[in-house]
Structures are given as C-alpha cells and as structure tokens.
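Chemist: Please find one structure pasted underneath; my questions will follow.
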Amino acid sequence: MGNFGASVQRPPNIQTGENNFGTLTQDLSRPRCEAYRFDCFEASLTLGALLQRGERVRVQDLPFKMLVALLERPGELVSKEELARRLWGQNIFTEIDQSLYVTAGKLRQVLGDDACQPRFIKTDSGKGYRFIASVTPVFASVAEQSASPSLPAEQTELTVKRISLRAAFRFLAVVMVAALGTGFAAYRYAHRALMNDQDRVVVAAFANSTGNADLDGTFSSALQSQLEQSPYINLVSDNKFRAIVKNPESASLQDELHACIKLDGQVLLKGSMSALEQGYQVTLSAWRCASGRLLTTEKAVASSQATILSALDLAAERMRRRLGEPEASLRRFNVPTVQAATPSLAALKAFNLGEEKRFTGDLPIAVASYKLAVDLDPQFAIAYGRLGIMYYHTAQFALSAQAFQRAFELRDTRTSDRERLYIITLYYRFATGQIKQTIEDYELWRTLYPRDVAPIHNLAAQYLSIGQPQRALDLARQAFQLEPTDDNHYELLAEAYLRLGDFAKVKKMCEDPAHGNMTLMRFHLACYEAGFGQNDEVAMNRQLQWARGNPQESEALDDSAWAAMYFGRISDARVLFRKAKDSAVQNKSIELAAGIELDEALLEADVGLLPAARTVAREVLKLPFEGASEQANVARVLARSGDTALALTIAKKAAGMAPLNDLINSTMLAMVRAAVYMQKTDPASAVKALEESREFELCSCMQLAPGYYRGLAYLQNNQPALALRQFQQIIDHRFMAPPFSVYLVLSQLELGHAYQLLGDSTSANSAFAKVETIWKDADRNFPPLQKLRHYRERSTISREQYIASRESPRFPSSLH
C-alpha cells in the first residue's frame, strides 16, 4: 500500500537531537522560563512534556512544539510561516497549511479545545494561530542558572609562593587534559553512529538457538515492530527480504548479505536467542552489507520466558542508539512490545505465522493465524488490523469492517505511535469510509515518519480514488523511488498514468521485461484498460489469457463484460457477467459475486433493460450478507427501474449502515434520490440532489455516472444548454473512468441530443456519428441504439416539436 509534489521533511531533531523550541540566548542575569501554566495545564520545557493537574498527558512531538511556540507569545498572532520554521526547520515544504491544520487539530484534541468555539487556540484564517487564554510563565531562580559567583576580594592578593605553586601544577594539568582528551576521543570513536540517516537497513530472520521449538518463529515480527517505531531508521520491508531469501530461518550470513546488497541496503540486522544456564540471551548484530564487516553486537539477558520481550526491547534500544538514533527520538518513539503488541508469546507466534502467510499469498492460513492471535490475546490491536486487511482482500467487507472497528477501539491501549497511525487510517479508509479524514491522517503519518513508504503509497491511492491523478502520480513516483522492487508501487504508477490518459506509457510498463512476472491482478487489469484505450485487441487478449485460471479471474471477466456492454453487445456482456460471477463463487468470494451482479444490474438499468435489472437487484437482496455499498447500489437499480418506494427504503438502510461514509452518503445515495426524482418527473429536485455529489463524483469507482445523471436531469428539465455542458465535461474527464465505461458513450449520445435541441444539427450529427461507429456491431435490441435511431428520425423537425414528442410511448421515460 522521489516526491515530485510537496517536499516532505523529516521530523526535526531526528539527526541532531537538538531542542527546537527556539534559540534561547539568554543573559544569565535574566531568569530562565521552565514552564507555562494555563487553565489546568502546564507545558514543562524542562521535561518536554504536557501536564494536566500534575499528570502527564500523552501528546505528540509536533503538537507540543506548536503549543510552546504559541505560549511564548500569548494573545499574539504567530504566523504560519514562523510556526512552520519552528516545527520543520528552515527548509519549509510547500504545503504548510495542511500540515499545520493537522498539527493544530491534534493539539486541540489533547487540550479538549474546539476550533469553532476556541478556549485556547484561535485560527486566523490564512495568517496563522494565536493562544487566547491566560498564560503564566514559570521561571527558574538566578541562583540556579549561575554557577560562577564572584571571588572574595582578599583572594585577589596572591602571594608569590602561590603563583609559583600554580605554575608547578600547570604542567600536570596539561598532561591530565591530554590524557582525558585521548580517552574522550577513544570513547567517542567507540560510541560513534554506525550509519547515517540515509542508509537503508535490512532485517534478517530472528534465529532461535535455545532448543525450545515453542519459540521458533516468534520474535521476527516483534523486532521488526520495535525498529519500525523509529523515524530515524530507514527500514527495507521484510517482505522484500523474504522475496529474495526463500527460507530466511535457515539462510546463511552470505545469503543474507547478498540479499541486502540486492535490496540496495547498507546495514543488515540479525537477531538470535540462545539459552543460558538460567534464562536466555537476546543478541542483535549489525553488519555492513557491502564489506560483510561486523559493526556491533548488542546483548540483553532474560531471566525467564516471561521477560524475553523486555530483553528484546532493551537490545533493540541499544542497537538503535548505536546506529545513531538521537536520545530525543528514543525517548519519544520507544513503546515496549508488551504495550505496543502483546505480552503473549503464543499470540506473537501466531501473528508471526500470519505475516509469513500473508506475504506468500496463502490468505486462508493468514486469516486463521491472525484469528488465533486475537483469540489468544483479545487486546492484540495490530492483529485485528491485519485481520481486517485479509478480510478486505478476500472481499469479506462486513467482517473486514468489524476487525477494523475492534482495532480502532484498542488503538490507545496496545500500539506504538506508528501502529496507531496504521490502525486509524485503516479504520477511516475501510470501516467508516471517511476519505478526507483518511487523507489527513496519512499526511500526519508522512510527516512523523518521512522515511516510511506506506503513507506515501496509500496517499497516492487515495488521491487517485477521488480524481486527483497528477497528485497521485507524484506520490506514486516517490514511493517507487524509495522501493523500486515493490510491484505494488509499479502497479499504482500504471493506474495513475491511466487516469491521466497516458495509455502509451502504461503499455510500455506492461511490456517491460523487468516486470514481466508481475502477479498483481490490478496491474494486468490496468494493461487491459490501456489496450482498450489504444484499440489493441492483441494486448487485451494477452491480459485475459494471463488471468485465465487465476483465483481473481472474475475481475478480468467483469471488465470484459463492461467492454462488451460499451459496444452494445448485450448477449456477450451477459455471458461474461455470468462467468465472472461463477468464478467468484467458485473462489468463495460471495460479496465479489454480488458486486458483479450489481454491475450488470446497474448497466442494464441505465441502458433501459429495466425488468432484467430489477430482477437481478431483488436476487442480490436475498444473499446472506449486508454491505452498505451493495445496498446503495441495489437502491439505485430499483430507483432507475421504477421501484422508487423500495429504493428509498433500501437507501435509508444503507445510510444507517454507513453514516460517516463520504462516498456512499454524498454520491451513491445522492444518485438514488436523483433517480427517484426523475422517475417522479421532478428534474429540478434531481439536479439539487446531485449537487452534494460533486466533491467525489470523479472517483474512478463511480465510472462518471453521477455527471451523466445530472445531464439527464437537465434534459428532463428542458435545459439543453446546461445538459450539453455537463455531457461535454464528462467527455473532457473521460480518463477518470476506464475507457470502456458505458457512461462515456451514453454521454456522447446525449451530447448529440442536446446539440439537436439547441438547433445545432452539424454538431449533433458529428456526435451521433461517433456513437454509430462504436455501436456498429451492437445487438439490435440494445435500447440506446434504438434511441439513437429515434434521435436521427427526429433530426428534421423543429425543436418545439421535438420537445413535445419526447414523451412518446416508444421509449421508457428513464431513457430520456
């Protein structure tokens, strides 16, 4: 799941460990501010912490620094530029507004403040922020600051003997200083940072040499999680390592070093555990990949199995320090494993097995392993998160949402900072469907962990989904530069190029021999789209041939069915939809099968095959699951096919199931209401209902249908000029949907209709000619083809006569 857009900076002080609260150049005669008190809070500069009624409050580093910057100047406006310099240093990135907004939101959450009715922090729109409550600074005494009192007057009268004695000791002092300097230099060398912040670290498998088989395969994920907490260490994904080293538990050091080099890593970390006479010893070793030189070894002893995780944490902390991570970062990002994951070794072992199976693609075993992990420890938050991902990838969306909900409930009790961000973004993205909140939290994750590729990739996917392909492309490029061997980033790049209409670029990517063995279905679907966009049937068939027999073949068949319907071949489309549904059922993806059925029903409803569409929708309602998205689509089919009462009932149910989902509520259900209004011949209300869909109607999953509905409503309301503009906008944004989206050719048809109503027969005929080319082999009973012929027949009569004839019983009203 390089940055050519906004320049992302790492969190301040990661390299230097310096305090970024401001440069305090104070005269010793002036008291030093140690804290600021306001309301029931105290911001302690000495502790670098926020206290509430004397109790420490958990607050992230950037919000705390923002608070201090505001407290230093209570009541005054602190500009956004100044705050950005205080938080991120001199190299300010371009999108400071969004980052400051996120940081201020987190600070308000900690303080219990409200942006609309602020008690503490007020936003001056476009300018900055100010602290509006009363502030009391707390100062240290002058005596505490100065350790250099003036000498008594009588000591200024030194005797000659004392001067001689001082001279006698001078040589000895020089010798001592030289010795101390040499010792200090040796100490500094022995404790120097072993890598810089650009080095990439590869983590090998954790070896169990205790002879206790129960401890096999238990600690790799725990070590990985501990290291992932660090914003300083640039970790290579363990999946990449396992892709090269097929049996990591039995691999030799040379194999591991070779894999490290192949992954463009500079440092290899190896963990192991051995048995002592009483207890266990955890050992972590760091090796320079290029030379094979051992850099350092850190050890920790556990008195019993119950303390192994604590020993692992201690060894990991020591290793992070030796690798050069600053103390400030270690204090801030160092949650013990028993608090960040689980104290149960059995649950940890089950989770580790789930991670291995997730990577190898054995999803059923991965699901079973994660379920065992949460059964052994019901508080294991990150295991619930992984379980949610597995359910989502196997199209079990209801179970996925339940798992994400449980992980979210545990986010403040059993997670590290990074894992908390991982869980929160999963929850908002997949459980509640809050797109804007998801993007905001991915931006925060990217700010706190600038070396972490996960938020960059997922941000790209989010921007792509809401119709911002250029921004998605910039982020996808950055993710690919950070991890050029990750097929997921390559696939995301292909999707971004598709949405920008660069089919030639996608074709080149598909033919690149370096990625010839790509196993991701979404990549091959992107190649199929590019082939369709270039009228390259050979390329399209190549991808369909690749998908044959694949467990996800139903997705390729579904796309083929859409393409057949685009050309007006109803019978071919129905055969392909049936094959796609059968494939999904055969692979036990019931919800995916329902989605395919709904694709068919929606298309048949929108092209005018109303009885068939209504029948399919009612069949879907009988399936043994309930998903809000599926319910919303059923309601849309029913509304388009004339069953408005049931449509509104189902729509209400969908809204209750997903009350926070941006896409469902603002777009999918808006289309249901618009369809109902058009059935009731109330096009003005339909247009009004669709206004709220504008924010997300370019989402690729909507296939440009919301705009098409708006154009139909304008036509029904006798507003052909507005309809023309709407249909033209759809064609102008054609790359926001797959090139075989039926709504593209339907919009071309209605564009000609709008021109016809406006008396522009030349433009109308041009639009109709394009449609005729596409439907030259369409089935004769394809309703839009009949509609095209109807428009052609009416092309010679006046506009007034044409409008009067639009309610002709020859065609269903839903087609107008």
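Chemist: If one puts a single equal scatterer on every Cα of the stretch 613-689 and applies the Debye formula without solvent, what log₁₀ I(q)/I(0) results at q = 0.21 Å⁻¹?
Modeler: So the normalised log intensities are -0.85.
Chemist: How many Å³ per residue does the convex hull of the Cα positions in the chain occupy?
Modeler: So the per-residue hull volume is 204 Å³.
Chemist: Can you tell me the accessible area per residue over the stretch 247-329, all protein chains present, probe 1.4 angstrom, in square angstrom?
Modeler: 45
Chemist: Find the eigenvalues of the gyration tensor of the Cα atoms of the stretch 465-623, then list the square roots of 5 times those eigenvalues as equivalent ellipsoid semi-axes, largest first, in whole angstrom.
Modeler: Three semi-axes, in Å: 30, 16, 16.
Chemist: Hey, what do the phi angles of the stretch 532-544 turn into as Karplus ³J(HN,Hα) couplings, whole Hz, using 6.51/-1.76/1.60 and θ = phi - 60°, x for Gly and Pro?
Modeler: Result, rounded to whole Hz: 5, x, 9, 6, 9, 5, 4, 5, 5, 5, 4, 6, 5.
Chemist: Quick check on the stretch 228-387: what does the Kirkwood estimate of hydrodynamic radius come out to from the alpha carbon pairs, in Å?
Modeler: It is 17.1 Å.
Chemist: Report the extension gain between T762 and R58 in nm, rounded to one decimal, defined as 0.36 nm multiplied by the number of residues separating them, less their alpha carbon distance.
Modeler: Result for the pair: 246.6 nm of gain on full extension.
Chemist: Oh, and also: Would you calculate a helix-derived [θ] at 222 nm for the chain, using -39,500 (n - 2.57) for each DSSP H run of n ≥ 4 and dividing by the full residue count, to the nearest 500?
Modeler: Rounded to the nearest 500, it is -17500 deg cm²/dmol.
Chemist: When the expected Rg is taken as 2.2 N^0.38 Å, what fraction or multiple of it is the alpha-carbon Rg of the stretch 229-281?
Modeler: In units of the globular-protein estimate, the stretch 229-281 measures up at 1.37.
Chemist: Also, I was wondering about something else. Heavy-atom accessible area per residue, the stretch 423-471, 1.4 Å probe: how many Å²?
Modeler: Result: 24 Å² per residue.
Chemist: I'd like the Kirkwood hydrodynamic radius of the stretch 575-723, using the inverse of the mean 1/r over distinct C-alpha pairs, in Å.
Modeler: 15.4
Chemist: Let me ask another. Need the list of aspartates and glutamates near K505 for cross-linking: C-alpha distance under 18 angstrom, and skip anything on the same chain fewer than eight residues off.
Modeler: Candidates past the 8-residue exclusion: D474, D487, E491, E495, E529, D536, E537.
Chemist: Can you give me the long-range amide H partners of V57? Hydrogens built in the peptide plane at 1.01 Å from N, cutoff under 5 Å, separation of 5 or more residues or another chain.
Modeler: Residues meeting the criterion, in which the H sits 1.01 Å from N, are L50, L51, Q52.
Chemist: If pairing requires two Cys Cβ atoms under 4.7 Å apart, which cysteines of the chain are left without a partner?
Modeler: Lone cysteines by the Cβ rule: C33, C40, C116, C699, C701.
Chemist: Provide the per residue accessible area, probe 1.4 Å, for the stretch 638-731, rounded to a whole number of square angstrom.
Modeler: On a per-residue basis, the stretch 638-731 sits at 37 Å².
Chemist: Could you give me the ³J(HN,Hα) list for the stretch 473-484, computed from phi with Karplus coefficients 6.51, -1.76, 1.60 and θ = phi - 60°, whole Hz, x at Gly and Pro?
Modeler: Per-residue couplings from phi come out as 4, 4, 6, 5, 4, 4, 4, 5, 5, 6, 9, x Hz.
Chemist: Set Lys and Arg Cβ to +1 and Asp and Glu Cβ to -1, take the dipole of the chain about its Cα centre, and tell me which of L638, P63, A346 lies farthest positive.
Modeler: Checking the options against the dipole of the chain, the answer is P63.
Chemist: In addition: Of the trypsin sites (Lys or Arg not before Pro) in the stretch 562-634, which ones lie in a loop per DSSP and count no more than 14 other C-beta atoms within 10 Å?
Modeler: Hits after loop and neighbour filter: K588, K622.
Chemist: If you don't mind, there's one more thing I want to ask. How high is the FRET efficiency between L544 and I590 when r is their beta carbon distance and R₀ equals 22 Å, given to the nearest 0.05?
Modeler: For L544 and I590, the calculated efficiency is 0.40.
Chemist: Ranked from the most accessible area to the least, with a 1.4 Å probe and all protein chains present, what is the order of W88, W546?
Modeler: Descending accessible area places them as W546, W88.
Chemist: Could you compute how much accessible surface I389 exposes when probed at 1.4 Å, giving the result in Å² to the nearest 10?
Modeler: About 10 Å², ignoring ligands and nucleic acids.
Chemist: How many percent of the accessible area of the chain is carbon or sulfur, using a 1.4 Å probe?
Modeler: 51
Chemist: Would you tally the net charge around R73, using a Cβ to Cβ cut-off of less than 15 Å, leaving R73 out, and scoring K and R as +1, D and E as -1?
Modeler: +2
Chemist: Follow-up. What FRET efficiency do you get for L722 and T681 if R0 is 22 Å and r is their Cβ-Cβ distance, rounded to the nearest 0.05?
Modeler: Once the sixth-power term is evaluated, E becomes 0.80.
Chemist: Right, another one. How much length would be gained if the chain were fully extended between E793 and K776, taking 0.36 nm per residue of separation minus their Cα-Cα distance, in nm to one decimal?
Modeler: So the chain would gain 4.4 nm between E793 and K776.
Chemist: Accessible area, 1.4 Å probe, largest first: how do D606, D238 sort?
Modeler: The ordering from most to least exposed comes out as D238, D606.
Chemist: Ok, one more. For G128, which sequence-distant residues (separation of 5 or more, or a different chain) have an amide H within less than 5 Å of its own amide H, given hydrogens modelled in the peptide plane?
Modeler: Correct list: K80.
Chemist: Then there's this: DSSP loop (so not H, G, I, E, B), at most 15 other Cβ within 10 Å: list which GluC sites (Glu not before Pro) in the stretch 618-684 pass both filters.
Modeler: Answer in residue order: E626.
Chemist: Okay, next question. Quick one: which residues, 5 or more positions from L295 or on another chain, have an amide H under 5 Å from its amide H? H modelled 1.01 Å from N in the peptide plane, none for Pro or chain starts.
Modeler: Excluding prolines and chain starts, which carry no amide H, the hits are A286, W287, R288.
Chemist: Right, next: Using θ = phi - 60° and the Karplus relation 6.51 cos²θ - 1.76 cosθ + 1.60, list the HN-Hα couplings for the stretch 731-736 in order, rounded to whole Hz, with x at every Gly or Pro.
Modeler: Once rounded to whole Hz, the list reads 5, 5, 9, 4, 6, 6.
Chemist: Could you give the length gained by full extension between L520 and K508, i.e. 0.36 nm per residue of separation minus their alpha carbon distance, to one decimal place?
Modeler: 2.6 nm
Chemist: Treating only the Cβ of Lys, Arg, Asp and Glu as charged (+1, +1, -1, -1), what charge dipole size does the chain show about its Cα centre? Round to the nearest 20 debye.
Modeler: It works out to roughly 740 debye.
Chemist: I would also like to ask the following. Heads up, I need the accessible area for H258: 1.4 angstrom probe, whole protein in place, Å², nearest 10.
Modeler: 110
Chemist: Can I ask one more? Would you list V374, V301 from the most to the least accessible area, probe 1.4 Å?
Modeler: V301, V374
Chemist: Mind scanning K508/K688; K106/K246; K588/K787; K581/K776 and naming the pairs with a C-alpha gap bigger than 32 Å?
Modeler: K508/K688; K106/K246; K588/K787
Chemist: Can you list the GluC sites (Glu not before Pro) in the stretch 200-293 that are in a DSSP coil and have 11 or fewer other beta carbons within 10 angstrom?
Modeler: Taking the stretch 200-293 and a limit of 11 other Cβ atoms within 10 Å, the loop GluC sites (Glu not before Pro) found are E277.
Chemist: Ratio to report: Rg/Rh of the stretch 537-609, with Cα atoms as the point set and Rh obtained by the Kirkwood method; give two decimals.
Modeler: 0.98
The values are calculated or read from the model by the stated rules, or taken from the named source; none is laboratory data. Computed from a predicted model, the values in this text were never measured in an experiment. FYI the Cβ positions are ideal-geometry reconstructions off the backbone, even for glycines, and counts take in every protein chain you see. Ligands, DNA and RNA are stripped out before the accessible areas are found, and what is left, the full protein with its side chains, is counted by its heavy atoms. Shrake-Rupley method; radii C 1.70, N 1.55, O 1.52, S 1.80 Å.
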